[in-house]
Every structure is written in C-alpha cells, then in structure tokens.
1. Given the conditions (1) without any contact (Cβ under 8 Å) to a residue 12 or more places away in the chain; (2) among the aliphatic types (A, V, I, L, M); (3) in contact with a Lys or Arg (Cβ under 9 Å, 6 or more places away or on another chain), and given that LEU340 satisfies all but one, which numbered condition is not satisfied?
2. Would you check if SER347 is modelled with pLDDT under 90 and part of a loop (DSSP other than H, G, I, E, B)?
3. Among residues belonging to region 222-240 that are open to solvent by 40 Å² or more (accessible area, probe 1.4 Å) and touching a residue at least 24 places away in the same chain (Cβ under 8 Å), point out the one that is nearest to GLY131 (Cα to Cα).
4. Under the condition of being over 16 Å from LYS26 (Cβ atoms) and of a type in the set (Asp, Glu), which residue from region 38-72 is nearest to the chain's Cα centre (by Cα)?
5. Could we say that LYS153 is open to solvent by 80 Å² or more (accessible area, probe 1.4 Å), within 27 Å of GLU231 (Cα to Cα), of a type outside the set (A, V, I, L, M, F, W, C) and free of Cβ contacts under 8 Å to residues at least 60 places away in the same chain here?
6. When you look at THR272, is it farther than 20 Å from GLY319 by Cα and in contact with a Gly (Cβ under 9 Å, 6 or more places away or on another chain), yes or no?
7. Among the residues of region 148-164, is there at least one that is modelled with pLDDT under 80 and basic (Lys, Arg)?
8. Which ones in region 241-261 are without any contact (Cβ under 8 Å) to a residue 40 or more places away in the chain and part of a loop (DSSP other than H, G, I, E, B)?
Amino acid sequence: MSKRDYYEVLGVQKNASEAEIKKAFKRLAMKHHPDRNQDNQEEAEEKFKEGKEAYDVLSDAQKRAAYDQFGHAGVDQSAGMGGAGAGGNFSDIFGDVFGDIFGGAQGGQRVYRGADLRYNLTLDLEEAVRGHSINIRVPTYVSCDGCGGSGAKKGTKPTTCTTCGGQGQVRMQQGFFSLQQTCPTCHGNGKMISDPCSKCKGQGRVEKNKTLSVKVPAGVDNGDRIRLSGEGEAGENGGPAGDLYVQISVREHKIFQRDGSDLYCEVPIALTTASLGGELDVPTLNGRVKLKIPAETQTGKMFRLRGKGVKSVRSSSTGDLMCRVVLETPVNLTKQQKELLQEFDKSLKEDKVNHSPKASNWLDGVKKFFEDMKS
C-alpha cells in the first residue's frame, strides 16, 4: 500500500514553517488520542503512527530536504529506523511526542537560564547629557569556583539520579496514556549530589558583589535602560547567565529643567534692562552666552537659544535652550531710591495709555464688568 504524502497527512502546505508543522502534528495527536477514540482505538492508533512518521521527517531539516527532492524513497530508511512503525509501545510513542512538544526534558540534566537583574543608576544632568563611564557594584549569583559550578565537593562528581536514570523526568503509565513529570528526587536535574560543596552548599552558585564598568551614552534621560548582556545571575547546571538592566534616573538640576532634547531655565531681569533693552549672561551646559534683550520686554517672555540643549541619544539632532525672563522687583530700597521711583511712577501715570497699555485695558475691562453687574 503506497504511503500518503507527508504534507497531506499533517494538512500543511509544502512551504510550511517548523512552527506550523509542530502545531499541525499537535492538533492531529490530540484528535487521535486513545481516550477520545474508545470505539475505534485501532484506527486512531494507525492514524497517529502515520502522523508521527510524517512529523519525524518534516520536523528534521535534513530529512525534509531529502523528502522534498526524492519523496518517500529519500527517507524510507531513516523513517523506518526512527518512525513510529519501527516497533515500540504506542503509549511510549505518545508520551515521547508530547514530552517533546510541550517542553519535557529529554535525555539529561535540565539547565536553567540565570535571572535578569536591575540596577538603579542616578546621574547628574551633566553626566547624562555628556555621557559617562562609571563603575557599579552589583550583588549577584556567580558560578562557584570551589566546585566549578557542579555543586559537588572538590574531587567528587554528581551521580546519576537513581529515580529517573538521569532523564530529569519520570514517566507515569495510565492505560494507553503515558505522562511525564519532573523527577521528585533530583527536581529535574538528572543528577544527585551525595557530598555537596561546602562553599555553595551544593547549589553550584554563590552570592558575590562584582564590579562592572557601565558606559553611559551621551543624551540618556529618565527611564532609559542600558542592557549588559550576560551580567545577570549565573545559570544553573551550566545554563546561560541572565542580563543586567541599568535603569537611568537623572537628578533635578538647580538651573535647568529638561524636556526631551530641550532645556528650560528662568532668567531674572532688572526693570531697567526690560524697559531699555540690553544683554544678559545666560548659563548653558557648555559655558556662558550672551542673550540680547530688546527694549520693552515683558516678564515671562521666552527666548530660544538654538542648539544649546541636549543631543538626543536616539538621533544626531540637538535641542534648544529656552530662557524665560522674569522681572525682578527691586528690594531693600533706600529713601532716595523710593523717592525716585515715586517720581517716576507719577510721570508714567500722566500718560498711562501709552506707557502701560495692558494695565489700561485691564482697568477698562474691570470697570465694564461692574457696570454690567449693576444693569
């Protein structure tokens, strides 16, 4: 009897991805589960074996390439040796398949990736804007140098778990259905340690403060993260280390406030400078610059100094410095100064419309407001 096309068996296209093939076989395996086919278990078993054979070939890159080029003739030998039809208990086959699809440990000790770590790094504004290299001390778990990460005392080795035979999992038989679960003796490691390392107490890892150099790129801002690959906690049983994420926080500055790539500051201005115009020395992160103040400048006026802000960490553009001038009222006046101001104020009131147009308009509005209330 000729075999059906493997792609047809799984119900996938010839250009199906590995994930699509695995998903299709999972769907087929669930459909022909013995518990769901009590009335025709024999037929279900045959369909499952057919699907298993197709999956064994199409999930293997080399076998799939041979099948695509030569058909069944290119994989008959390999499929016959490793396929479901090569003998073996149907329950074992079913258990092996679901162990593979759902992530069961097959053939040895489980390894675990180390945990990712987070380190909060607080910088001054100048450090964040210009970039900075800084050394940090991070408490973490590292591989134990006393046992080389094995967990066993120096001169000894872990032994194969007698419960699971080093598989890390044990199999439970329930009728036709075979289940796998983590070994309760070795907790999935596949190994047992009879004489643990005194330094790490058999864990294979020890807690240690390590010093790392962090290169902070210019332009970082609050909330930015720097990833240091492999600098997190050490993995277990030879697993890869996690990553370290450095979380950036920028201290408040005495002069500047930052908004993205722009900086903002308030600049106090004297009455005479605001009235007559002049120049002010304004601070920037790269030194002082001159800010020209036109005559009759009002308090709250915003001036833009282009390119005096922050160079963005994500682009080559540089922001601006926004200077808001604030009129400063004179204090601690002498008697003579007060008399001069009173005389000056009197001269202004003689032609208030021309000298204080905003105040005149405001007073007119107030007067109208009260008149409307009376009517």
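The values are calculated or read from the model by the stated rules, or taken from the named source; none is laboratory data. Since the structure is predicted, the reported quantities are computational estimates derived from the model, not experimental observations. Glycine gets a Cβ as well: all are built from the backbone with ideal geometry, and neighbour counts include every protein chain shown. SASA here: full protein model, heavy atoms, side chains in, ligands and nucleic acids out. Shrake-Rupley method; radii C 1.70, N 1.55, O 1.52, S 1.80 Å.
1. Among (1) without any contact (Cβ under 8 Å) to a residue 12 or more places away in the chain; (2) among the aliphatic types (A, V, I, L, M); (3) in contact with a Lys or Arg (Cβ under 9 Å, 6 or more places away or on another chain), the lone unmet condition for LEU340 is (3).
2. Working: modelled with pLDDT under 90: yes; part of a loop (DSSP other than H, G, I, E, B): no.
Spelling it out, it is not the case that SER347 is modelled with pLDDT under 90 and part of a loop (DSSP other than H, G, I, E, B).
3. Of the residues in region 222-240, the ones open to solvent by 40 Å² or more (accessible area, probe 1.4 Å) are 222-223, 225, 227, 229, 231, 236-238, 240.
From what is left, the residues that are touching a residue at least 24 places away in the same chain (Cβ under 8 Å) are 222-223, 231, 236-238, 240.
On the way: ASN222: 14, GLY223: 15, GLU231: 21, GLU236: 35, ASN237: 38, GLY238: 36, PRO240: 30 Å.
It comes out as ASN222.
4. Here the answer is ASP60.
5. Numbers: open to solvent by 80 Å² or more (accessible area, probe 1.4 Å): yes; within 27 Å of GLU231 (Cα to Cα): yes; of a type outside the set (A, V, I, L, M, F, W, C): yes; free of Cβ contacts under 8 Å to residues at least 60 places away in the same chain: yes.
For LYS153, the condition - open to solvent by 80 Å² or more (accessible area, probe 1.4 Å), within 27 Å of GLU231 (Cα to Cα), of a type outside the set (A, V, I, L, M, F, W, C) and free of Cβ contacts under 8 Å to residues at least 60 places away in the same chain - is met.
6. Details: farther than 20 Å from GLY319 by Cα: yes; in contact with a Gly (Cβ under 9 Å, 6 or more places away or on another chain): yes.
Criteria met by THR272.
7. no
8. Initial filter on region 241-261 (without any contact (Cβ under 8 Å) to a residue 40 or more places away in the chain): 252, 254-255, 257, 259.
Of everything in region 241-261, those that are without any contact (Cβ under 8 Å) to a residue 40 or more places away in the chain and part of a loop (DSSP other than H, G, I, E, B) turn out to be GLU252, LYS254, ILE255.
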